[in-house]
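Since every read-out is calculated from the coordinates, none of them should be taken as a lab result. Every value quoted in this text rests on a predicted model; they were computed, and no experiment measured them. Here Cβ is always computed from backbone atoms with ideal geometry, including for glycine, and neighbour counts include all displayed protein chains.
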Amino acid sequence: MFGLTALDLARIQFAFTISFHIVFPAITIGLAAYLAVLEGCWLRTKRPHYRDLYHFWSKIFAVNFGMGVVSGLVMAYQFGTNWSFFSEFAGSITGPLLTYEVLTAFFLEAGFLGVMLFGWNRVGPGLHFFATVMVALGTLISATWILASNSWMQTPAGFEIIDGRVVPTDWFAVIFNPSFPYRLLHMSVAAFLATALFVGASAAWHLLRGRDNQAIRKMLSMAMWMLLIVAPIQAVIGDLHGLNTLKHQPAKIAALEGHWENHGNEGLPLLLFGWPDMQREETRFAVTVPRLGSLILTHTWDGQIQGLKEFAPEDRPNSTILFWSFRVMVGLGLLMIALGAWSLLLRRGERLYRARAFLHMALWMGPAGVIAILAGWYTTEVGRQPWVVYGLQRTADAVSPHGVPELALTLGIFVIAYFFVFGVGIAYMMRLVRKGPVLEAPRPEGGPGREHTPARPLSAVDDDEVLAPNPAARTRS
Amino acid sequence: MGIDLSLLWIVIIFFGVMMYVVMDGFDLGIGMLFPFIPDRHDRDVMMNTVAPVWDGNETWLVLGGAGLLAAFPLAYSVVLSALYLPLMLMLLGLIFRGVAFEFRFKANDRERPVWDASFILGSATASIFQGVALGAYIDGIRMEGHRFAGGPLDWLAPFPLFCGVGLMVAYTVLGSTWLIMKTEGDLQQRMIRLTGALAWLLLAVIAVISLWTPLTHPEIAERWFSLPNLFWFAPVPILVVLCMLMLMRALRREPNMAPFLYALGLVFLGYSGLAISVWPNIIPPGISIWDAAGPPQSQGFALVGALFIIPFILMYTVWAYYVFRGKVRHGEGYH
């Protein structure tokens, strides 16, 4: 099909399914933690807008979580169906890590999710809060195990190879392999940032339409504090992660900088833009800043790194893709820092909630976190090529022996099904966002008990009911 | 080594997959019962009986896959590639039905039929292809050395297809008896009548598979009908008949929980029967669990976690079911 080999199709299928998948768990991690914070604030302060925000976001969380579960199920089986020689070669490492993820994270999330989403009136407030915290904890534990597994594929450690199979010798070294701490921090923080941008954009959308209340303001404010504090931290983590990669996967760094060879002892320029050409072995149309490359990569004035030409052509990752995916990620990261800083300037006199230019930027930055996550993953995964386990097994040796027809068939079905199902799902999420948080009328003290709170943790309610004009929705203008 | 890690692991995987069959079985069954119950509010009730727990149910399937990869990487890689198309179609089915739980309640009146259809077809697709995969697995997987040597459509044969239909019937019985337990009034009465018919169909399926497998696989006939095995395994068919009779009896006298328990019994016995037929192979017909075992360092490491954590999982799973105990009524939901 279109001259693509079975290997190409298997790679496209994996890239396609995991690109869809990763978006949902990233937002799940962020929203679960956000919901735990909101419920904690509600229990502590009893200010109703925290509870209203909790119910609002938990509906969106539920849709997002469902999509994460079903798209994740595909991933768990694809290692065997599509990459059987990888599973046979390295399953002794990735299998136990995945098993621990299921045991310690998936069950924890699934077990408490029902109570979190549907149990508001069925269990006490303390127990409900506990369930929310368990779900949030589960999402982070899940990230920990899967990133240990992925990091091991990037920087394998703690094993020996016996009879052509990986045999673990030191599980501590396997899990805490050299790139794991950086990748775990980078991805967890990215999930928080992506969620903060999503929450912030939702608030900005309502404020721009003149819909203004305490809950919406709180949303924007919390999201912007998150961005202000965490976006710069992410830049520092990213820098450390880069130094770690330079040490363990120098070809990846050379490719993402479009750096082909050193010239004498002169410091490296930073290539702002350009077009790395794999055939011509040079980066064309480069726009450079002298010495900045050395400064960023080695933290010295004239340090050097290996150029791509020092690696055999068959061992080079694709610099054209890496160069740009990396720049997209970094560029968006810088914009996040800028947005956070701008929000701080606007805090005085509550201009934050009125400055339209700022609100427009917050709105447009809504998907930036998710795009940056995807770009970052393309950078690290494409940068690992041509290896599936870095230095140990090539991707071409890992793929299952399927023919082009069945791979083309399943890929076609996946593309159609994913765009339909997840397209509609995202549309439903946006529909919920557009409804905005519903403020509940304050109840008189000593009134009806908890049983009668018209809580709607999951809007499995009818649309018409929620769409009905709610007089409480504009208590503040 | 005093401990047979492979044996312990196969028991855990057997248990995990059984939990999956039993638990996701009834919620897949509910999807296949939708066509019999056209009323929207009845459908709401049916879905709400499983909405808080379906995700946990499905997690057992992931545990089965992950445990297989951890303990028997060879089996994972060979069996999953051999069953490529049925498994991919099963996963697609699970996607369409899984999202329906959320989407159906977010959709407006115009869109809802789409997600009803998605729930029905997704549940049916997932069930039939699980059965097909199971049947193809029992029939055996062609191998050369450590590689799958069969074709992409090996599963397209009478026995796997019959198993596919058989599993649909089994899941539907689990679903209908679950609904007897969780609903009341008219919906419950209809489920009681449906179960009466479906249970006989399930018995027929079990009987056919029990005859078909030994007739086509001499080693399975040998397993069951040689002495003294015959005496050891005789309780399995006897208990099947007993469960069936008890189920029928329970249906006649204002049933509540009993039919579901007997249906669980039937499915458990059928599942055990297949395990007896396949044992000790993990890739039928020739690769045993010890041939396919991963390194002991991997089996041991994952085993510690499994033995320590599974009891906790069972505890909070029971708790979650307990929180949502009792009948689900019209318009009540949990929302």
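Evaluating 6.51 cos²θ - 1.76 cosθ + 1.60 at θ = phi - 60° for every residue in region A:383-394, the Karplus couplings come out as x, 7, 4, x, 9, 8, 10, 3, x, 10, 9, 7 Hz, glycine and proline recorded as x. Rounded to the nearest whole angstrom, the semi-axes of the ellipsoid equivalent to the protein assembly as shown, taken from the Cα gyration tensor as √(5λ), stand at 45, 38, 21, largest first. Bridgeable lysines around A:Lys247 (alpha carbons under 18 Å apart, same-chain partners fewer than 8 residues away excluded): A:Lys309. Toward the positive end of the charge dipole of chain B, with +1 on the Cβ of Lys and Arg and -1 on the Cβ of Asp and Glu, the farthest Cα among B:Gly25, B:Thr177, B:Ser226 is that of B:Thr177.
Summed over all non-identical Cα pairs, the Kirkwood treatment of region A:188-267 gives a radius of 15.5 Å.
Only helical runs count toward this figure. For chain A, summing -39,500 (n - 2.57) over DSSP H runs of n ≥ 4 and dividing by all residues gives -22000 deg cm²/dmol at 222 nm. The relative contact order of chain A comes to 22 percent, based on Cα pairs under 8 Å that sit 6 or more residues apart.
Counting Cβ atoms of other protein chains within 10 Å of each Cβ in A:116-124 and taking the mean gives 4. Using Cβ point charges alone (K and R +1, D and E -1), the dipole size of region A:180-384 about the Cα centre works out to roughly 1240 debye. Summing Cβ point charges (Lys, Arg +1; Asp, Glu -1) relative to the Cα centre of chain B gives a dipole of roughly 640 debye. Legend: ranking of residues A:Phe56, B:Phe268 from fewest to most surrounding C-beta atoms inside 10 Å; resulting order B:Phe268, A:Phe56. Relative to one another, the C-alpha centroids of region A:273-329 and region B:273-309 are positioned 47 Å apart. Averaged over peptide A:64-75, the number of partner chain Cβ atoms lying within 10 Å of each residue's Cβ comes to 5. Taking amide H as placed 1.01 Å from N in the peptide plane, A:Thr283 has its amide H under 5 Å from the amide H of A:Asp277, each at least 5 places away in sequence or on another chain. Highest mean packing first, where packing is the average number of other Cβ atoms within 10 Å per residue, the peptides A:68-74, B:323-329, A:404-410 line up as A:68-74, A:404-410, B:323-329. Taken along the Cα-to-beta-carbon direction at a fixed 7 Å, the label points for B:Phe15 and A:Ala396 span 4.5 nm.
Counting only lysines at least 8 places from A:Lys218 when in the same chain, those with an alpha carbon closer than 22 Å to its own are A:Lys46, A:Lys59, A:Lys435. Neighbouring Cβ atoms from other chains, within 10 Å of the Cβ of residues in A:125-135, number 1 on average.
In this structure, B:Arg252 and A:Ala417 have a Cβ-Cβ separation that, at R0 = 30 Å, corresponds to a calculated FRET efficiency of about 0.10. Specify whether the C-alpha gyration tensor of chain B places it in the rounded, prolate or oblate class, a ≥ b ≥ c being the square roots of the eigenvalues: rounded for a/c under 1.5, otherwise prolate if a/b is larger than b/c and oblate if not. Because a/c hits 1.5 or more and a/b exceeds b/c, chain B counts as prolate.
In terms of packing, defined here as the mean over residues of other Cβ atoms within 10 angstrom, the peptides B:294-303, B:124-133, A:242-251 line up highest first as B:124-133, B:294-303, A:242-251.
Have a look at A:Thr245, A:Gly210, A:Gly274 and report the one farthest towards the positive end of the charge dipole of region A:180-384, computed about the Cα centre with Cβ charges (Lys/Arg +1, Asp/Glu -1). With unit charges placed on the Cβ atoms, the residue in question is A:Gly210.
Overall, the anisotropy analysis places region B:170-321 in the oblate class: the square-rooted eigenvalues a ≥ b ≥ c of its C-alpha gyration tensor yield a/c not less than 1.5, with a/b not exceeding b/c. On the basis of the beta-carbon distance and an R0 of 51 Å, A:Phe172 and B:Val114 show a calculated FRET efficiency of 0.55. Here the peptides B:18-26, A:105-113 are ranked by packing, the mean other Cβ count within 10 Å, and the order with the highest first is A:105-113, B:18-26. Note on B:Lys327: lysines with a C-alpha under 18 Å away, same-chain residues under 8 apart excluded, are B:Lys182. On a C-alpha basis, how far is the centre of region A:78-151 from the centre of region B:216-255 in Å? Whole number, if you could? Each part's Cα centre sits 37 Å from the other's. Averaging Cα coordinates gives a centre for region A:367-405 and one for region B:1-70; these two points are 31 Å apart.
Basic side chains Lys and Arg get +1 at the Cβ, acidic Asp and Glu get -1 at the Cβ, and with that the dipole of the protein assembly as shown about its Cα centre reaches some 2940 debye.
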